[in-house]
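Q: Take a look at the following structure, please.
The values are calculated or read from the model by the stated rules, or taken from the named source; none is laboratory data. What you are looking at is a predicted structure, and each value in this text was computed from that prediction instead of being measured. Heads up, the Cβs are rebuilt from the backbone with ideal geometry, glycines too, and the neighbour counts pull from every protein chain shown. With ligands, DNA and RNA removed, areas are computed over all heavy atoms of the protein, side chains included. Shrake-Rupley method; radii C 1.70, N 1.55, O 1.52, S 1.80 Å.
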Amino acid sequence: MVIMVPPAVEQACAVLRAQGFQAYLVGGAIRDSLLGLVPTDWDIATDAVPEQVEAVFTRSLPTGKRFGTVTVFVHDTPIEVTTMRSDGPYSDQRRPDYIIFTDQLELDLARRDFTINALGYDPLAKRIIDPFQGRKHLKRKILATVGDPSARFREDPLRMLRLIRFQSTLGFKVHKDTERVLPSLAGLIAKVSPERMLAELNKMLMGRELLSALETFAASTLMEVVLPELAACCGLCAGEHHPYDLLTHACTAAHFAHPLLHLRWAALLHDVGKQRSLGRDHAELGASLAEQLLRRLRASTELIAKVSALITHHMFDLHPHSSDRAWRRFLGRVGVEATRDLIKLRQADMAGMNASPRQILAYGQAMEARLNDILTQDSALSLKDLRIDGRQLMQELDLQPGPLVGQLLHYLLEQVWEDPELNQRETLVRLAAEQLKCLRSNGL
Ligand code: ATP
Ligand code: MG
């Protein structure tokens, strides 16, 4: 079996071999290559200890030296070189208490999480090393731990989330012995750092078999520990016209959502507020629950802001037949990009209500066409499109800087949303002067 190895990676192996060390390719890159996928990163396993690896390569970084990992650079390509090791006990359920470097590849493969990730490849002999039935499981699309599932999950509970992540990204089934132990160990996931959890959840959300993965996530009770706000939706009524319970609605919506991370998160969490209220206020409530959840997982401020805004507006009342005025007002308030995302979120929401693909597609096309139609009209949507700015307005009306200027500009924008013809400098000055007079006569 020949695996297509990038020249820089092959060269790194050759450099190690030339110095008398072993060099194998291991882990995800071999799994992905055998699946016909393009590997994201290549890992080299060697019997050279980190100091020896550093001495052999001209450029390197000690990225995880304590656990034997050095990143080396070949023609500027970063490649992780890890000394083969076998792990000691994991008493803190995070990291092995100690590691033992070894010159036996099989021992290094034995410490890996799943059989499909415990494959090695000798790039010179072009030979696969497969001590744990990894290839058989790849062929049968099965996820199974290397060795006793319970012991392996206890060592590092993050592996339970990795399992679900691979279920989603690869579309594999979980071996029944591996699946069976999950509910009794789910509580241990609380020991894992939020950052490590988030990385796996993000990858899971982008997977093509997300719905099956979310089913395992919920059934194993891992969801109750990691995303309790979502797990609480199980069995709750999602509202009128909903064929599924609230949790199934959310999971189905996420599965069918456009594969962008913020959209997948928003679809998954858009209705969590319904556990508190079935009224329209569930959107605001949901946004704040989602913010709390994502903050706890240490998500980036940007992701939190995007997800929260989408959930806040997800009940938006805009249709292909809404007036131009209504469209301008909405686009001006919410923004063009966010509106495009909201259309996609509504499509996901429809999928979560079992709407037909034809209906979902027709809705998306009609909304996009309408949005593009408004954009080509080139009318003012936001303050920057007004034919007057704050400085000019202050000059014209002899105003001092202050909140009143912003207030007047917003008033003008509202007028222009109603009637784009008003977006002329003299007209805007006149309208602002009239409004100012009105405000002053009211003592405001
Ligand atoms: P990805 O496509 O996301 O890179 P991957 O399987 O390569 O998937 P990495 O985090 O790059 O994931 O890890 C590389 C390899 O290290 C894995 O294939 C697996 O063999 C091993 N590994 C990673 N994390 C763990 C873990 N928590 N427990 C045991 N082995 C692990
Ligand atoms: Mg990898």
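Q: Per Stokes-Einstein, at 25 °C and 0.890 mPa s, what whole-number D in µm² s⁻¹ belongs to the chain, with the Kirkwood radius over Cα pairs as the hydrodynamic radius?
A: This corresponds to a translational diffusion coefficient of 96 µm²/s.
Q: So what J values fall out for the stretch 211-220 if you push phi through Karplus, 6.51 cos²θ - 1.76 cosθ + 1.60 with θ = phi - 60°, rounded to Hz, Gly and Pro as x?
A: With coefficients 6.51, -1.76 and 1.60, one gets 4, 4, 4, 5, 5, 5, 4, 6, 5, 6 Hz.
Q: For the stretch 405-444, what is the convex hull volume of the alpha-carbon atoms per residue, in Å³?
A: Hull volume over Cα atoms, normalised by residue count, gives 58 Å³.
Q: Per the Kirkwood treatment, what hydrodynamic radius in Å, one decimal, follows for the stretch 230-378 from the mean inverse distance over all distinct Cα pairs?
A: One over the average 1/r among Cα pairs gives 15.6 Å for the stretch 230-378.
Q: So what's the Cα pair-distance distribution over the stretch 98-226, bin width 5 Å, in %?
A: Spelled out bin by bin, the stretch 98-226 gives 2, 11, 20, 22, 20, 12, 8, 3, 1, 0 percent.
Q: Ignoring any ligand, DNA or RNA, what whole percent of the accessible area of the stretch 17-67 comes from carbon and sulfur when the probe is 1.4 angstrom?
A: Values: 1300 of 2560 Å².
Here it works out to 51 percent.
Q: Kindly rank 195-206, 1-12 from highest to lowest mean number of other beta carbons found within 10 Å of each residue.
A: 195-206, 1-12
Q: Put +1 on the Cβ of each Lys and Arg and -1 on the Cβ of each Asp and Glu in the chain; which of Ile388, Gln407, Ala355 then has its Cα farthest toward the positive end of the dipole?
A: Farthest towards the positive end: Ala355.
Q: Right, another one. With unit charges on the beta carbons (Lys and Arg positive, Asp and Glu negative) and the dipole taken about the Cα centre of the stretch 1-149, which residue among Pro123, Tyr98, Ile142 sits farthest to the positive side?
A: Projecting each Cα onto the dipole axis, the largest value belongs to Ile142.
Q: For the chain, report the accessible area per residue in Å² (1.4 Å probe, heavy atoms, rounded to an integer).
A: Result: 48 Å² of accessible area for each residue.
Q: Which trypsin sites (Lys or Arg not before Pro) in the stretch 15-71 sit in a loop by DSSP (not H, G, I, E or B) and have at most 16 other Cβ atoms within 10 Å of their own Cβ?
A: Listed in order of number, the matching sites are Arg59.
Q: Please figure out what share of the DSSP beta bridges in the chain is antiparallel and state it in percent, rounded to the nearest 5.
A: The antiparallel proportion sits near 80 percent.
Q: Could you compute Rg(Cα) / (2.2 N^0.38 Å) for the stretch 195-268, with N its residue count?
A: Dividing the Cα Rg of the stretch 195-268 by 2.2 N^0.38 Å gives 1.05.
Q: With springs connecting C-alpha atoms under 10 Å apart, model the chain as a Gaussian network and identify which of Gly335, Gly390, Gly402 has the largest mean-square fluctuation.
A: Residue with maximal mean-square fluctuation among Gly335, Gly390, Gly402: Gly402.
Q: Do you know the relative contact order of the stretch 239-377, to the nearest whole percent, from alpha carbon pairs under 8 angstrom that are 6+ apart?
A: Working: 156 pairs, mean separation 40.7, N = 139.
Taking the mean separation of contacting Cα pairs over the length of the stretch 239-377, I get 29 percent.
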